[in-house]
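So the structure is just underneath, and the comments pick up after that.
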Amino acid sequence: MYRLIKQEGKARRGEFLTPHGMIQMPAFMNVATAGAIKGAVSALDLKELKCQVQLCNTYHLHLRPGDETVRKLGGLHTFTRWNGPILTDSGGFQVFSLAKLRNIKEEGVTFASHIDGHRIFMGPEESMRIQSHLGSTIAMAFDECMENPAEYDYARASCQRTVRWLYRCKEEHDRLNALPDTINPKQMLWGINQGSTYEDLRVGHMREIRKLDLDGYAIGGLAVGEPAEEMYRIIEAVEPEMPVDKPRYLMGVGTPVNILEAVRRGVDIFDCVMPSRNARHGHAFTWEGCRNLMNAKYELDTLPLDPTCDCPVCRNFTRAYIRHLFKSGEMLAMRLCVMHNIYFYNTLLERIRMAIDNGQFEKFYQENVERLGKRI
Ligand SMILES: [Zn+2]
């Protein structure tokens, strides 16, 4: 249940109650694709890193170890030892971005696994069943994630099919939640807005899917290669059509600047692999900009990654040491850098929340938007 506490311009401060605890919004979801944050960071570490909610991938977990296996092991919460909220994506995005030889029909999508090439069928009912087995807090509806730019006629037909798929998702989701042996009988269902970069399709689709009165709504199919300005334009078009009393999730976004811009346009929750992926390449996010530890200038630098950061890494280790670990191919390099970046993202969202609480969001935005986009 979403409660809007305060609003400044379009920026929203709210809280969302789930069966696995409260999420203070705006919030960032830490991406644990196959049940772990890449970079050797466990669910136990996340507690220290201000993580509120974790995202796991339906497609990956369906292929390996298999959602039936996760169900037998008690669901994702028991399996990963993370006891806070977990959102699972629908698998749609990976089916359309990773899988090969896919064939889309009204019933669903047949595709070849990116691991061993075996043929798999996934439609709305399969996606709901997998997510029910995983026992996540929030399940995402199964949708088609189109490439940008998509042909207008194709995009329109795809949106209509995604609406039909959503009705099937809702029906199957209700049925699964009511089964006596369901892991999470209170699993929530969020819908996904599509429509490529066409404002009229986006608005029309949003009006259709909000009729189902789901627990939350996402804007999907963005941050897939189009310029950031296009993304902001689409958010501005869709946002007025999104229910005020439901969380708004911008999928797969983004840089600290993208997040600031989207919060300013009324978005509540985000997920992105960027903090962990960039960290694994030696890029640390800081309040002065993004720092590349591979630069020779850090060889004798005894400061922490960010002197203003009080994460477990910055409280103990120097830039010179972490740089050395990267150069030596030590696993610890990635772990330390990923931990710092996750803490940074969660702290960024925490400061955004504080700024809205204090009626200072616009000031916070003006002070930080340029700095956060710098490369240092
Ligand atoms: Zn730090």
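Since every read-out is calculated from the coordinates, none of them should be taken as a lab result. Model, not experiment: these values are computed from the prediction. No Cβ is skipped: glycine too gets one built from the backbone with ideal geometry, and neighbour counts run over all protein chains shown.
Some values worked out for this structure:
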item: Binned Cα-Cα distance frequencies in the stretch 1-152 - 5 Å width, integer %; result: 2, 9, 17, 19, 17, 15, 11, 7, 3, 1, 0
item: Rounded to whole Hz, the Karplus (6.51, -1.76, 1.60) HN-Hα couplings of the stretch 283-294, x for glycine and proline; result: 9, 9, 7, 9, 6, 9, x, 9, 9, 9, 5, 6
item: Computed helical MRE - 222 nm, the chain, DSSP H runs ≥ 4 contributing -39500 (n - 2.57), nearest 500; result: -12000 deg cm²/dmol
item: Value of relative contact order over the stretch 1-131, rounded to a whole percent, pairs C-alpha under 8 Å and six or more apart; result: 18 percent
item: Computed over the stretch 305-347, Kirkwood Rh from alpha-carbon pairs, angstrom; result: 10.3 Å
item: All-pairs alpha carbon distance profile, the stretch 2-272, 10 Å steps from 0, percent; result: 7, 31, 39, 21, 2, 0
item: Counting all C-alpha pairs of the stretch 283-373, share separated by more than 22 Å (%); result: 31 percent
item: Amide H partners (placed H, <5 Å) of Thr18, local residues excluded; result: Ile23
item: Sites Ser328 and Asp245 - FRET efficiency at Förster radius 56 Å, r taken between beta-carbons, to 0.05; result: 0.60
item: Greater than 20 Å apart at Cα, pairs in Lys170/Lys246; Lys50/Lys186; Lys10/Lys246; result: Lys50/Lys186
item: Full-stretch length increase - Glu226, Asp174 - with 0.36 nm per residue and alpha-carbon distance subtracted; result: 15.2 nm
item: For the stretch 96-105, Karplus couplings with θ = phi - 60° (6.51, -1.76, 1.60), whole Hz, Gly/Pro x; result: 8, 10, 9, 6, 10, 6, 8, 9, 9, 10
item: Nearby lysines by direct alpha-carbon distance to Lys327 (threshold 16 angstrom, same-chain neighbours under 8 apart not counted); result: Lys297
item: Surrounding net charge for Gly329, when Lys and Arg each add one and Asp and Glu each subtract one, Cβ distance under 15 Å; result: +3
item: Along the chain, longest interval not containing exposed trypsin sites (Lys or Arg not before Pro), exposed being DSSP loop plus at most 12 other Cβ atoms within 10 Å; result: 187-314
item: R0 of 51 Å, Cβ-Cβ distance Arg207-Asn292: FRET efficiency to nearest 0.05; result: 0.70
item: Label zone at Lys72 (point 7 Å along Cα-to-Cβ), backbone N below 11 Å, the stretch 111-147; result: none
item: Packing-based exposure ordering (other Cβ within 10 Å, fewest first) of Trp82, Trp190, Trp287; result: Trp287, Trp190, Trp82
item: Relative contact order, percent, the stretch 55-185 [alpha-carbon distance under 8 Å, six or more residues apart]; result: 26 percent
item: Mean separation of Cα contacts under 8 Å (6+ apart) over length of the stretch 222-376, as relative contact order %; result: 24 percent
item: Debye log10 I(q)/I(0) at q = 0.14, 0.20, 0.21 Å⁻¹ for the stretch 328-376, Cα point scatterers; result: -0.49, -0.76, -0.80
item: The stretch 105-168: C-alpha gyration tensor shape, a/c 1.5 cut-off, then a/b vs b/c; result: oblate
